[in-house]
Amino acid sequence: MDPLTTLGAALAAAHFGTPLAYYAVAKRWLKTPWRVKPDPAYAPAVTVAIPTYNEARHIEEKLEDIYRQDYPRDRLEIIVVDSASTDDTAERARRWAAAHPDADVKVVEEPQRRGKASALNTALAMARGGVFVITDADCRWSQRDALRRAVSWLADSAVGAVTCLKKPAADGPAGVEAGYRGHYNVLRLAESKKWATPIFHGELAAYKTELLRKIGGFPLDIGADDSHTAAKIAAMGYRAVAAEDLWCVEAVPHNGYHRWRIRRAQHLLQHFLKTPVEEAPPPMRPILLAEKYLHLANPWLLPAAVAALVAAATPPALAVLATGAAALVFRSCRTWTAAQLYLIAAAVKNLRDKELVWEKQDK
């Protein structure tokens, strides 16, 4: 076999083999015990923060979503931080609050839009709850006891942060979103059972308020504010977990799906670039090392392999390329390939724009 064909085959084997090996290890982690004990009776004061920008279509339904929770109302504070919306988001939130006097709702209007993390820090400065929960205005908590379930994990002194698993509200182009989330949730849960997952979700993430304040709140210079705060809390020696019994429905854009995926990938790349492995507790280091490699390095092996095989143009090289193209009929292959392309596009886009403040998309 000529050198280019050998190189292309080796790169392809590394690109597909490494994540498959990590997934196999993660499946074994799923069989391990949690070593933490949630307490359903645990009910501290909770602050739920909702950062908004032009969420008039969603804000009242989101407030109803939280209001329907079975958590004690006298221990629940809701803070809506509106970042200079050009619609009537803040007005609708105030109108909803006036119609529900038994709900403790505060609406804060920022004079200019400074990004989601800034809005969350505004809410954190005001928060009275011992648990600080963040949620997006356009997502839904599919369980009436979602808040109670999230908080129950924080009853264990070893746990500093908890997040949900996600189901997409729609499947995206070529059926890739549901397939992506299926594998994604397995990894988040497996990493959590091992020690901690470095990826959290803005649909529902709950933190011990005192720990958030100790790390200085949410980062203003990267987009993955939910994940980066969880990783910093884990670096302090606490578990940061995705709960196996906690689910949210994630909104998927009607238009601009690819742009949305790229932006999310941008924010994760920023997070992993800024999270050092050596600061993580020993049980989390293999997790963080694997995820950094899978996000930052592994995607680039795919175009490198294709380029080497095309340049070789030998029968074995063309056979490998044909096999790869034929594999795209399977949803799992389309899902994987799309994810790699989004990460590559995100890395390039981060060179000129971190997308910390982005155009509102219709969901």
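The values are calculated or read from the model by the stated rules, or taken from the named source; none is laboratory data. Because the structure is predicted, anything quoted here is derived from the model rather than measured. A quick note on method: Cβ atoms are made from the backbone with ideal geometry, for glycine too, and the neighbour counts reach across all protein chains shown. The protein model used for the area step is the full one, side chains on, heavy atoms only, and it has no ligands, DNA or RNA in it. Shrake-Rupley method; radii C 1.70, N 1.55, O 1.52, S 1.80 Å.
Once neighbouring chains are kept in place and the probe is 1.4 Å, which whole percent of the accessible area of the stretch 190-257 is contributed by carbon and sulfur?
47 percent
What number, rounded to the nearest 500 deg cm²/dmol, is the helix-based mean residue ellipticity at 222 nm of the chain, given -39500 (n - 2.57) per DSSP H run of at least four residues and division by all its residues?
-16000 deg cm²/dmol
Work out the length of the dipole vector of the chain about its Cα centre, built from +1 on the beta-carbon of each Lys and Arg and -1 on the beta-carbon of each Asp and Glu, and round it to the nearest 20 debye.
With only Lys, Arg, Asp and Glu charged at Cβ, the dipole is about 860 debye.
Rounded if a/c is under 1.5, else prolate if a/b beats b/c, else oblate: with a ≥ b ≥ c from the C-alpha gyration tensor eigenvalues square-rooted, which is the chain?
Since a/c reaches 1.5 and a/b is larger than b/c, the shape of the chain is classed as prolate.
Dipole of the stretch 175-286, Cα-centred, from +1 at each Lys and Arg C-beta and -1 at each Asp and Glu C-beta, to the nearest 20 debye?
Around 160 debye, computed over the stretch 175-286.
Can you find, among Thr6, Ile66, Thr122, the residue farthest towards the positive end of the dipole of the stretch 1-139? Put +1 on the C-beta of Lys and Arg, -1 on that of Asp and Glu.
Result: Thr6.
Pull out a ≥ b ≥ c, the square roots of the eigenvalues of the alpha-carbon gyration tensor of the stretch 253-362, then state rounded if a/c is under 1.5, prolate if not and a/b is larger than b/c, and oblate in the remaining case.
Judged from the Cα gyration tensor, the stretch 253-362 comes out oblate (a/c at least 1.5, b/c at or above a/b).
State the extension gain, in nm to one decimal, for the chain segment bounded by Asp245 and Asp102, taking 0.36 nm per residue of separation less the distance between their alpha-carbons.
48.6 nm
With the other protein chains left in place, how much accessible area per residue, in square angstrom, belongs to the chain at a 1.4 angstrom probe?
42 Å²
Taking every DSSP beta bridge with both residues inside the chain, roughly what % is antiparallel (nearest 5)?
About 25 percent, rounded to the nearest 5.
Using a 1.4 Å probe over the heavy atoms of the protein chains, calculate the carbon and sulfur portion of the accessible area of the stretch 99-145 as a whole percent.
Reported share for carbon and sulfur atoms: 49 percent.
If you take every DSSP beta bridge whose two residues both sit in the stretch 85-242, what share of them, in percent to the nearest 5, is antiparallel?
About 65 percent, rounded to the nearest 5.
Tell me whether the stretch 29-187 comes out rounded, prolate or oblate; compute the Cα gyration tensor, take square roots of the eigenvalues as a ≥ b ≥ c, and use a/c under 1.5 as the rounded threshold.
Verdict is oblate for the stretch 29-187.
How much accessible surface does Phe16 have with a 1.4 Å probe, in Å² rounded to 10?
Number for this one is 90 Å².
Pulled fully out, how much extra length does the chain show between Ala45 and Arg331, if you take 0.36 nm times their separation in residues and subtract their Cα-Cα distance?
98.6 nm
Taking the chain as a whole, which cysteines find no other cysteine Cβ under 4.7 angstrom from their Cβ?
Cys139, Cys333, each lacking another Cys Cβ under 4.7 Å.
Give the residue list of chymotrypsin sites (Phe, Trp or Tyr not before Pro) in the stretch 244-349 that are DSSP loop and have at most 12 other beta-carbon atoms within 10 angstrom.
Passing both the DSSP loop test and the Cβ count: Phe330.
Taking Cα pairs under 8 Å and at least six residues apart, what relative contact order does the chain come out at, in percent?
Value for the chain: 22 percent.
Using a 1.4 Å probe on the protein chains only, how many percent of the accessible area of the stretch 11-83 belongs to carbon and sulfur?
Reported share for carbon and sulfur atoms: 59 percent.
Which trypsin sites (Lys or Arg not before Pro) from the stretch 71-175 combine a DSSP loop assignment with at most 14 other Cβ atoms within 10 Å?
Here the trypsin sites (Lys or Arg not before Pro) that fit, given the DSSP loop and packing criteria, are Arg128, Arg144.
Arrange the residues Ile78, Ile215 by how much accessible surface each exposes, largest first, with a 1.4 angstrom probe.
In descending accessible area the options line up as Ile215, Ile78.
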